[in-house]
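The values are calculated or read from the model by the stated rules, or taken from the named source; none is laboratory data. Keep in mind that this is a model prediction, so the values were computed, not measured. Note that we place each Cβ from the backbone using ideal geometry, even for glycine, and neighbour counts take in every protein chain shown. For accessibility, only protein heavy atoms count, side chains too; no ligands or nucleic acids. Shrake-Rupley method; radii C 1.70, N 1.55, O 1.52, S 1.80 Å.
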There are 2 protein chains.
Amino acid sequence: MKLSKDQTIEIAETFRLMGDPTRLAILVECLDGPVSVGDLVTRTGASQSLVSHHLRLLRAARILTARREGKNVYYAAMDDHIRTVVGDMIDHVAEPADEGLG
Amino acid sequence: MKLSKDQTIEIAETFRLMGDPTRLAILVECLDGPVSVGDLVTRTGASQSLVSHHLRLLRAARILTARREGKNVYYAAMDDHIRTVVGDMIDHVAEPADEGLG
DNA sequence: ATTATATATGAAAACGTGTTCATATGTTGA
DNA sequence: TCAACATATGAACACGTTTTCATATATAAT
């Protein structure tokens, strides 16, 4: 599987955004359906400002989608690829495999 | 799907490591089978030292496995979860979807 | 209009990571 | 043992990101 330099950079950027614990926690909360910003603040324990900053990044990278409903804004995982990626990574980390050499 | 704080940190760490263009390029080259360090240097265009530093991180995080064969050391993707994760992410980035709101 | 609630944003502080350079270690063959 | 090749490592530099604080915008209700 051969990737262009631009593809590589875009994919790396998406992984990088998933690679912060606070952002990943936000993303995981959004996997099963839309969640309001307020609920994300409660569930992750991060500050409102921090959650909002991270949501902007996740949305800009098309990892999450947003829709406003009255005073609230609901965020959800962009597509099934995102759900699968996180799911597979959870499975990977669960494996007690060896890392080779010594 | 509910994750512990430690699980979240470990998974984020794995994503973070995939989130650098040089490291991702190295990883992608290792998806189809074992590749020597020298070949990785050639194929990625990165310096020998840099490739080696990154390989150490990828191996420590159980993203790649290593086996020595004579003078060479061959690196390969750790398991199918890793291959699937990268594959799904490539599919995700290929999608021309909307990011919601304005 | 004013107040209350929900979310977003800019700037600065606090912190971490990628890369290079020089050098060390490991392996093979003469 | 010496030379030649392959890979690994430590220290330092250069740069970027996460987080907080204060404040702004948006929506709804009285």
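For this structure, a couple of remarks:
- Looking at region A:7-94, the accessible area is 44 square angstrom per residue; that uses a 1.4 Å probe and ignores ligands, DNA and RNA.
- Whole-percent carbon and sulfur share, accessible surface of the protein assembly as shown, 1.4 Å: 49
- Label point 7 Å beyond Cα along the C-beta direction, distances from A:LYS71 to other copies (nm, shortest first): 7.1
- D (Stokes-Einstein, µm²/s), Kirkwood Cα radius, the protein assembly as shown, 0.692 mPa s at 37 °C: 186
- Region A:49-99, relative contact order [Cα under 8 Å, separation at least 6], %: 20
- Protein heavy-atom accessible area occluded, A/B pair - total, 1.4 Å probe, Å²: 4600
- Rounded to the nearest whole angstrom, the semi-axes of the ellipsoid equivalent to chain B, taken from the Cα gyration tensor as √(5λ), stand at 27, 17, 13, largest first.
- What separates the A:SER52 label point from its copies, with the point 7 Å along Cα to Cβ, is 4.9 nm, written shortest first.
- Label-point separation, A:HIS53 to B:SER36 (7 Å along Cα→Cβ), nm: 4.7
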